[in-house]
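K.L.:
Got a structure for you, written out below as C-alpha cells; questions coming shortly.
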Amino acid sequence: MHAHLRAGITVYNAGRYHAAHDAWEDHWIDLDAGDEERFLHGLIQFTAVVHHGTDENWSGARGLAESAGEYLSALPADYRGVNLDDVRPFLARVADDPGSVDWDNPPKLTHEGVAVGYGDLDFEAAAVAAEVLAEADGYDEAVVADAVDYARKELDEKGEGRFVGQLFAFVQEPADRGFVYAHLSNHVERERQKDDDVAGLFD
C-alpha cells in the first residue's frame, strides 16, 4: 500500500490527474468496506474531480466532489499521512460552485508533510509510477513490467544496475521519457533473448 500510495500522490502532484488513480485502483477494488476503502475511494474520486474541473466539466466535478467529500468526511486529518484537511475544504468549494475554483492551482497532496515528487520515490514506488505512466502515455506496459522484474533482480544481486537507473530516469525525466523508454526497451529485449536462450537449453 505504501508504494502505491506514494506513487499515486506523485503522479497527481505532477499534474497527471487522470492517471494518478491507476496507482490506487487495483488495491482499492479488493478492499472490504472500512476506512481504507473509503480513503482510497475518496482519493480516486478527488483526482477525478480535479481532472474534470481542469477540463471545465462542472457537472462532473460537482457530483464527484460531493461523493468524495462523503467518503473522506469521517477520516482523521492526516489519514495514512495524507493531508485530508487540505482536500476536504477544496471538495466542499467545488461541490458549492466549481466555476469559482482556481483550477490552475488545485491543492497538492502531501504525504507525511511532503508534497511528494518523482525524485522522492524509493524503488518500489518508482516501479508503480513507471507502470502507471507507461499505461497513460501509451508505452508498451509489458516492457516496463519486465524492466521492473529485471531491476528487482539487479537489486537482489548487486544493489544497483542499469534497469534500476533507467526506471528511475523513465519516471523522473518526463521530457526525456521517450528516449529513456527506447533504451529500456532495447535492454529488455536483450534480456528476454537471454532468458529464451537459457530456457531453450532445457527444452
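K.L.:
Within the set of pairs 6 or more residues apart or between chains, which connect a residue that is in the same structural domain as D85 (by TED's automatic domain parsing) and under 20 Å from G42 (Cβ atoms) inside the stretch 109-138 to a residue that is crowded, with 16+ Cβ neighbours inside 10 Å and of a type in the set (F, W, Y) with Cβ atoms less than 9 Å apart?
P.N.:
Taking only residues 6 or more apart or on different chains, the pairs are L109/Y12; L109/F46.
K.L.:
Oh, and also: I need the full set of residues from the stretch 79-97 which are farther than 18 Å from E37 by Cβ and either exposed (fewer than 15 other Cβ atoms within 10 Å of the Cβ) or at pLDDT below 95 (or both), in order please.
P.N.:
Matches in the stretch 79-97: N83, D85, D86, P89, A92, R93, D96, D97.
K.L.:
Which condition number does S67 fail, the rest of (1) crowded, with 19+ Cβ neighbours inside 10 Å; (2) part of a helix (DSSP H, G or I) being met?
P.N.:
The one condition S67 does not meet is (1).
K.L.:
In the list G99, G69, G42, G81, which residue meets the criterion of being out of contact with any Lys or Arg (no Cβ under 8 Å at 6 or more places or on another chain) and more than 20 Å from A115 (Cβ to Cβ)?
P.N.:
On the way: G69 fails: out of contact with any Lys or Arg (no Cβ under 8 Å at 6 or more places or on another chain); G42 fails: more than 20 Å from A115 (Cβ to Cβ); G81 fails: more than 20 Å from A115 (Cβ to Cβ).
Within the list G99, G69, G42, G81, the selection yields G99.
K.L.:
D26: within 21 Å of A3 (Cα to Cα), at pLDDT below 95, loosely packed, with under 15 Cβ neighbours inside 10 Å and more than 21 Å from the chain's Cα centre (by Cα), yes or no? Break it down into steps so the answer makes sense when it comes.
P.N.:
Working: within 21 Å of A3 (Cα to Cα): yes; at pLDDT below 95: yes; loosely packed, with under 15 Cβ neighbours inside 10 Å: yes; more than 21 Å from the chain's Cα centre (by Cα): no.
Taking the combined requirement at face value, the residue does not satisfy it.
K.L.:
Among (1) more than 18 Å from the chain's Cα centre (by Cα); (2) basic (K, R); (3) within 24 Å of T54 (Cα to Cα), where does K108 come up short?
P.N.:
(1)
Residue-wise test of (1) in the same structural domain as D104 (by TED's automatic domain parsing); (2) of a type in the set (D, E, K, R); (3) within 22 Å of the chain's Cα centre (by Cα); (4) within 21 Å of A7 (Cα to Cα).
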residue	(1), (2), (3), (4)
A61	yes, no, yes, no
E66	yes, yes, no, no
A74	yes, no, no, no
G81	yes, no, yes, yes
V87	yes, no, yes, yes
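K.L.:
N13 versus (1) within 20 Å of A115 (Cβ to Cβ); (2) of a type outside the set (G, A, S); (3) at pLDDT below 95: which is the lone unmet condition?
P.N.:
That leaves (3) as the condition not met.
K.L.:
I need every pair where a residue in the stretch 167-187 that is within 16 Å of E135 (Cα to Cα) has its Cβ under 8 Å from the Cβ of a residue that is buried (at least 18 other Cβ atoms within 10 Å of the Cβ) and polar (S, T, N, Q), sequence separation at least 6 or different chains.
P.N.:
V180/Q166; L184/Q166
K.L.:
Next up: So which residues in the stretch 125-171 are closer than 20 Å to V11 by Cβ and in a loop (DSSP other than H, G, I, E, B), if there are any at all?
P.N.:
Result: G138, Y139, D140.
K.L.:
If you don't mind, there's one more thing I want to ask. Outside the structural domain of L184 (by TED's automatic domain parsing), in contact with a helix residue (DSSP H, G or I) (Cβ under 9 Å, 6 or more places away or on another chain) and under 30 Å from E173 (Cα atoms): is that true of E56 in this structure?
P.N.:
On the way: outside the structural domain of L184 (by TED's automatic domain parsing): yes; in contact with a helix residue (DSSP H, G or I) (Cβ under 9 Å, 6 or more places away or on another chain): yes; under 30 Å from E173 (Cα atoms): yes.
Criteria met by E56.
K.L.:
I would also like to ask the following. Taking the criterion of being more than 17 Å from V116 (Cα to Cα), in contact with a Phe, Trp or Tyr (Cβ under 6 Å, 6 or more places away or on another chain) and assigned to a helix (DSSP H, G or I), would at least one residue in the stretch 29-39 satisfy it? Walk me through it before giving the result.
P.N.:
Our first condition is that a residue be more than 17 Å from V116 (Cα to Cα); within the stretch 29-39, this holds for 29-39.
Add one more test, that the residue is in contact with a Phe, Trp or Tyr (Cβ under 6 Å, 6 or more places away or on another chain), and what stays is 38-39.
Then drop every residue that is not assigned to a helix (DSSP H, G or I), which leaves 38-39.
The answer is yes, given that some residue of the stretch 29-39 is more than 17 Å from V116 (Cα to Cα), in contact with a Phe, Trp or Tyr (Cβ under 6 Å, 6 or more places away or on another chain) and assigned to a helix (DSSP H, G or I).
The values are calculated or read from the model by the stated rules, or taken from the named source; none is laboratory data. Note that the structure is a prediction, hence the values are computed from the model and not measured. Neighbour counts run over all protein chains shown; Cβ positions are idealised from the backbone, glycine included.
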